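Student: This structure is in structure tokens; I'll ask about it shortly.
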Amino acid sequence: MTQLLRINSSSRLTGSHSAAIADAFEAGFRAKHPACTGITRNVANGSIPFIAQSTIEGFYAPQEKLSGDQKAATALSDKLIAEIQASDTLLLAVPIYNFTIPEALKAWVDQICRIGHTFAMDENGFQGLVKARRAIVVAHTARKATTLLNRSELRTSFSPI
Ligand SMILES: Cc1cc2nc3c(=O)[nH]c(=O)nc-3n(C[C@H](O)[C@H](O)[C@H](O)COP(=O)(O)O)c2cc1C
């Protein structure tokens, strides 16, 4: 079974170019994988808080010793990580704000990058623990926007992975 996890991160409620490109990709992807199920999450609506001290403490504490506060502070991370682990394809729709990704997307990244859950670390370095087989990032910037938009239109005729 193919499961697509799509993350939208534009603050634009309408007229988002990154969402339009992701729409084109998703349409082609679903045509190629008709049985595909999916989750779409908009991270730009304030639903993803910045990690707090209790979140960090919860990330590093043994699960069986989590306090009530730590459990509450890591519950969203648990849910977001479960969404990733249930998916084999990750589609990120990303505007560029001030030379980088939106803070809302970084907040999501901070919730899902979690030792023992999505990565492991030892003296040999880092090891990824996420099962998703592929990640597609579509980004849109003001610079060369026309070119990118044209590419997105072209992409609908490409064979999506
Ligand atoms: C607050 C803000 C900051 C931006 N910063 C940049 C930037 O640093 N570089 C750039 O090329 N475009 C920048 N842009 C333009 C956006 O990347 C562009 O509008 C893009 O289409 C946004 O994606 P969206 O349509 O999905 O919201 C910025 C736009 C906004 C609103």
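Here, each number is a calculation from the coordinates, and none is a lab measurement. These numbers come from a predicted model, not from an experiment. With ideal geometry, Cβ positions are generated from the backbone for all residues, glycine too; neighbour counts draw on all protein chains shown.
Student: I'd like to know how the chain sits against the 2.2 N^0.38 Å rule of thumb: what's its Cα Rg over that expected value? Please report the intermediate quantities before stating the final value.
Tutor: Details: Rg = 17.2 Å, N = 161, 2.2 N^0.38 = 15.2 Å.
Cα-based Rg divided by the globular estimate yields 1.14.
Student: Using amide H atoms built in the peptide plane, which far-off residues or other-chain residues are under 5 Å from residue 94 H to H?
Tutor: 138, 139, 140
Student: Do the sum for the chain: with -39,500 (n - 2.57) for every DSSP H run of n ≥ 4, divided by all residues, what is the mean residue ellipticity at 222 nm, to the nearest 500 deg cm²/dmol?
Tutor: Rounded to the nearest 500, it is -12500 deg cm²/dmol.
Student: Show me 62-74, 114-126, 90-102 ranked by packing, highest mean number of other Cβ atoms within 10 Å first.
Tutor: 90-102, 62-74, 114-126
Student: If you don't mind, there's one more thing I want to ask. Order these peptides, 39-50, 16-27, by their mean beta-carbon neighbour count within 10 angstrom, highest first.
Tutor: Listed from highest to lowest mean packing, they are 16-27, 39-50.
Student: If the limit is 24 Å between Cα atoms, which of 79/106; 65/131; 71/106 go over it?
Tutor: 65/131
Student: Follow-up question, since we're still on this one. Output the 0 to 90 degree angle, nearest 10, between the alpha-carbon long axis of helix 103-112 and the longest principal axis computed from the alpha carbons of the chain.
Tutor: With rounding to tens, the tilt is 50 degrees.
Student: Put a dot 7 Å past each Cα toward the Cβ at residue 27 and residue 122; how far apart are the dots in nm?
Tutor: 4.8 nm
Student: Taking the 0 to 90 degree range and rounding to the nearest ten, how far is the long axis of helix 145-155 tilted relative to the main principal axis of the chain, both from C-alpha atoms?
Tutor: 80 degrees
Student: Let me ask another. Placing +1 at every Lys and Arg Cβ and -1 at every Asp and Glu Cβ, with all other atoms neutral, what dipole size does the chain have around its Cα centre, in debye to the nearest 20?
Tutor: Once rounded to the nearest 20, the dipole reads 640 debye.
Student: Can you list the residues, at least 5 places off or on another chain, whose amide H is less than 5 Å from the amide H of residue 41, using H built in the peptide plane?
Tutor: Result for residue 41 returns 6, 7, 8.
Student: If I fit a long axis through the Cα atoms of helix 68-85 and take the longest principal axis of the Cα atoms of the chain, what angle between them do I get, 0 to 90°, rounded to 10?
Tutor: In the chain, helix 68-85 runs at an angle near 40 degrees to the longest axis.
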